[in-house]
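Each remark here refers to the structure printed beneath this line.
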Amino acid sequence: MLLIKNGRILDPASKTDAPRDILLDGECIAEIATPGKIAHADSWQTFDATGLIVAPGFIDIHAHLREPGQENSETIETGSHAAARGGFTAICCMPNTRPVNDNASITRFIMDRAKAFGHVRVWPIGAASVGSKGEDISEIAAMRDAGIVAVSDDGKPIANAKLARQIMDYCRSLDVPVIEHAEDVSLAAGAVMREGIASTRLGLPGMPAAAESVCVARDVQVAELTGARLHIAHLSAKSSLAQVRFAKQNGLRVTCEVTPHHFTLIDEDVTYDSRYKMNPPLASREDREALLEGLADGTVDAIATDHAPHEPAIKDVEFDKAPFGILGFETAIGLALEQLVHPGRISLMRMVELFTTGPAGVLGKDRKVAVGEPADVTIFSLDRLWTYHVKDSASKSRNSPFDGRAFKGGTVATIVAGKIVYQN
Ligand SMILES: [Zn+2]
């Protein structure tokens with residue numbers, strides 16, 4: 001039993017924003033009451049949450065844990081440890097491991113490793129096509145039975161509209177969401193950043209915003225054709241957001257996520273430092289403004305980190321030779337507070353929604369603070385000052401452009417299945 005007392009509960013599902021004590025009994029929430037009203041409070045292990053926000057467990061629907069196959073960059077153990085430090089109680093790992101998670105035996109391997117070594121819950125995402133090669137549909141039903149929560153060929157888009165149709169048709173019958181890394185590979189070919197004045201100044205090949213939105217448009221239309229649940233990963237362009245907004249207005253089951261780095265940084269921030277290289281690349285100032293608007297008005301469903309560790313040996317090279325991707329778990333709450341809540345762009349309740357009910361809804365799950373619900377809780381502060389030092393990260397990799405950044409507010413404790421898995 002664990003008693004969290006005197007915290008300010010923020011629960012988007014019930015729209016609760018009030019002081020409450022919560023009693024966790026192993027896997028489940030046993031009791032919720034006004035402060036001081038839970039009986040036998042002295043007999044339980046107690047966490048004093050005075051002055052802190054107590055929220056349902058945060059979910060990250062987009063992460064790369066690199067196991068199996070690239071354990072020099074990350075493992076399920078180190079990645080989920082970093083996730084716990086970032087306040088996440090559940091993380092979804094993309095299938096672009098080596099081998100690719102395109103069949104039930106790999107899914108089971110990941111689930112078993114997560115159970116043995118995971119600091120938080122790990123929900124695998126299966127490949128949409130065999131080997132994510134874009135030719136044949138993968139064993140989606142068998143992977144679903146083994147534990148996947150969605151499919152994606154992340155790292156690249158589903159290769160063509162015909163295959164997207166087959167996958168969405170099949171996933172509609174299984175009620176599995178299809179997560180798309182939206183990129184027109186012909187428009188993006190050879191590019192290492194966003195096309196624009198910044199890319200011209202740096203002399204680096206750029207891709208236009210349309211490299212993303214052309215693919216989003218294709219997929220929205222295939223989603224309409226099939227009735228499938230389509231989720232656009234790491235949406236970065238204003239033109240893509242317009243497609244998602246249009247799809248929602250027309251009743252399609254289309255959702256999207258935005259990363260902290262895309263709502264924080266823009267192409268003008270890019271230097272020759274490969275820690276600014278990710279895919280989709282940092283976008284224009286106008287795109288960022290549109291993302292901030294979409295985060296505020298409800299068009300964006302979730303904040304997802306796209307945590308993408310790469311060991312220094314492969315990432316600390318010339319910009320055009322480095323792989324795409326940056327770390328994300330440990331800076332997500334700090335950046336969301338800094339960019340969204342503290343400047344008054346969104347409410348605290350909306351921020352919590354973007355990390356809880358939002359991503360849960362994408363996966364067809366619930367997330368709430370209620371008796372009988374899983375005892376997964378994220379506790380964070382709004383005002384504690386701290387600095388992110390990537391050398392102290394739990395991740396095996398060090399590729400963050402936010403190293404040395406000072407934050408106001410961040411994770412204080414992460415609780416999974418009634419156990420404190422991280423406390424600061
Ligand atoms: Zn991607």
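Only residues that are touching a Gly at 6+ places or on another chain (Cβ under 6 Å), within 15 Å of the ligand (Cβ to nearest atom) and open to solvent by less than 50 Å² (accessible area, probe 1.4 Å) were counted across segment 143-176, and they come to 1. Restricting segment 177-201 to residues that are away from the ligand (no atom under 16 Å from the Cβ) and either open to solvent by less than 10 Å² (accessible area, probe 1.4 Å) or assigned to a helix (DSSP H, G or I) (or both), the residue that is farthest from VAL317 (Cα to Cα) is SER186. Residues that are surrounded by 22 or more Cβ atoms within 10 Å (Cβ to Cβ) and assigned to a helix (DSSP H, G or I) within segment 50-84 comprise ILE76, THR78, GLY79, SER80, HIS81, ALA82, ALA83, ALA84, listed in sequence order. Screening MET207 on (1) under 25 Å from PHE355 (Cα atoms); (2) more than 17 Å from the chain's Cα centre (by Cα); (3) among the aliphatic types (A, V, I, L, M) shows it passes everything except condition (1). When VAL120 is tested against (1) buried (at least 24 other Cβ atoms within 10 Å of the Cβ); (2) within 16 Å of the ligand (Cβ to nearest atom), only condition (2) is not met.
Could you check how many residues of segment 1-49 are of a type outside the set (Gly, Ala, Ser), open to solvent by less than 40 Å² (accessible area, probe 1.4 Å) and farther than 15 Å from VAL369 by Cα? Number satisfying all stated conditions: 2. Residues that are more than 28 Å from PHE117 (Cα to Cα), small (Gly, Ala, Ser) and open to solvent by 50 Å² or more (accessible area, probe 1.4 Å) number at least 1 in the following strands (runs of 3 or more DSSP E) confined to segment 307-424: 406-416. Tallying residues that are in contact with a helix residue (DSSP H, G or I) (Cβ under 8 Å, 6 or more places away or on another chain) and more than 16 Å from the ligand (Cβ to nearest atom) within segment 272-288 yields 9.
Those residues that are within 16 Å of the ligand (Cβ to nearest atom) and surrounded by fewer than 24 Cβ atoms within 10 Å (Cβ to Cβ), I need them from segment 98-117; list them, please.
Looking only at segment 98-117, we keep the residues that are within 16 Å of the ligand (Cβ to nearest atom), and these are 100-101.
Of everything in segment 98-117, just one residue is within 16 Å of the ligand (Cβ to nearest atom) and surrounded by fewer than 24 Cβ atoms within 10 Å (Cβ to Cβ), namely VAL100.
The values are calculated or read from the model by the stated rules, or taken from the named source; none is laboratory data. The model shown is predicted, which means the values in this text are computed figures rather than measured ones. Note that each Cβ is placed from the backbone with ideal geometry, even for glycine, and that neighbours are counted across all protein chains shown. For accessibility, only protein heavy atoms count, side chains too; no ligands or nucleic acids. Shrake-Rupley method; radii C 1.70, N 1.55, O 1.52, S 1.80 Å.
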